[in-house]
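These notes concern the structure reproduced below.
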Amino acid sequence: MRIGILGGTFNPIHLGHLHLALDVRSLLSLDEILFIPAGNPPHKTDEKLASPSDRFEMVRLAILPYPFFKISDIEIKRVEKSYTIDTIRELTKQSPEDTFFFIIGLDAFMEIESWRNPRELLQSVRFVVVSRPEFQFSRLKQLLFFKECSPEILRKLDQQAHARADLQLDDFAAMTLLHIDPKPISASEIRETLKKGENIGNNILPEPVKSFIIKKKLY
């Protein structure tokens, strides 16, 4: 099977996450998207997180209408810091016959060199790097891994909506860059709105997630 991996704190999960997963699944003809809520993420030390169990439940509720969306507790079960390389190692060991596609926003991918074992990670799984507001693909040339990448390919991605580039860099696994229409939804803004006691629009959160947040008095 061709399985997309979409990780994150999902604090909370919102419709932007779902639209992203739907778009990537369609464009890359993936069989499933596996949502993986983070447990103890090393890059989110300054963020007030809802409990792992609550974030897991919000994701579960959000993806219920989609039979091709799945959820894994592989990271929230870890007591120690949860690193992406550990997750990829475990998933590929469990399902060696499947092909995994690691979906990540361009803004987060720009920090890849600070991740644990980035070279092994790029060799182990196909990355799907998706456009993000206020970030340009041409900035990838700042990364050591992209020194040999054609600048024309990156400029084209910045200029054309729905553009796609499939790359083979050095000895890494193949990589896909996607320019898709972003949904301008921010989890931090959602939390701030809820903190103020203001209403969240129906085009931002799945209704079951909104009800769960209200019931549990999260944020």
How many lysine pairs does the range 43-194 hold where the Cα atoms are under 24 Å apart and the two sit 8 or more places apart or on different chains?
15
The long-range amide H neighbours of Arg126, using H built 1.01 Å from N in the peptide plane and a cut-off of under 5 Å, are Phe100, Phe102
Restricting to Cα pairs below 8 Å that are 6+ residues apart, what does the relative contact order work out to for the chain? Please round to a whole percent.
22 percent
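Sort Leu154, Leu177 so the one with the fewest other Cβ atoms within 10 Å of its own Cβ comes first.
In increasing order of surrounding Cβ atoms, one gets Leu154, Leu177.
To the nearest 500 deg cm²/dmol, what mean residue ellipticity at 222 nm is calculated for the chain from DSSP H runs of n ≥ 4 alone, each contributing -39,500 (n - 2.57), summed and divided by the residues?
On the way: 8 runs with 76 residues, N = 219.
Calculated at 222 nm, the ellipticity per residue is -10000 deg cm²/dmol.
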GluC sites (Glu not before Pro) within the range 117-219, DSSP loop, no more than 16 other Cβ atoms inside 10 Å
Glu134, Glu148, Glu198
Ascending count of other beta-carbon atoms within 10 Å, so fewest first, for Glu97, Glu111:
Glu97, Glu111
Part-to-part distance (alpha-carbon centres) for the range 57-112 and the range 138-201, which is given in Å
18 Å
Each label sits 7 Å from Cα toward the beta-carbon; between Glu152 and Asn40 the label points are separated, in nm, by 5.0 nm
Within the range 91-153, trypsin sites (Lys or Arg not before Pro) in DSSP loop having at most 14 other beta-carbon neighbours inside 10 Å:
Arg116, Lys147
Two-decimal ratio, the range 2-183, of alpha-carbon radius of gyration to 2.2 N^0.38 Å:
1.00
Potential lengthening between Phe145 and Leu64 on full extension [0.36 nm per residue; Cα-Cα distance subtracted]
25.4 nm
Qualifying trypsin sites (Lys or Arg not before Pro) in the range 170-215, DSSP loop, other Cβ atoms within 10 Å at most 10
Lys196
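Readers should treat all values here as calculations from the given coordinates under stated rules, not as data from a laboratory. Given the structure is predicted, the values throughout are model-derived calculations rather than measurements. With ideal geometry, Cβ positions are generated from the backbone for all residues, glycine too; neighbour counts draw on all protein chains shown.
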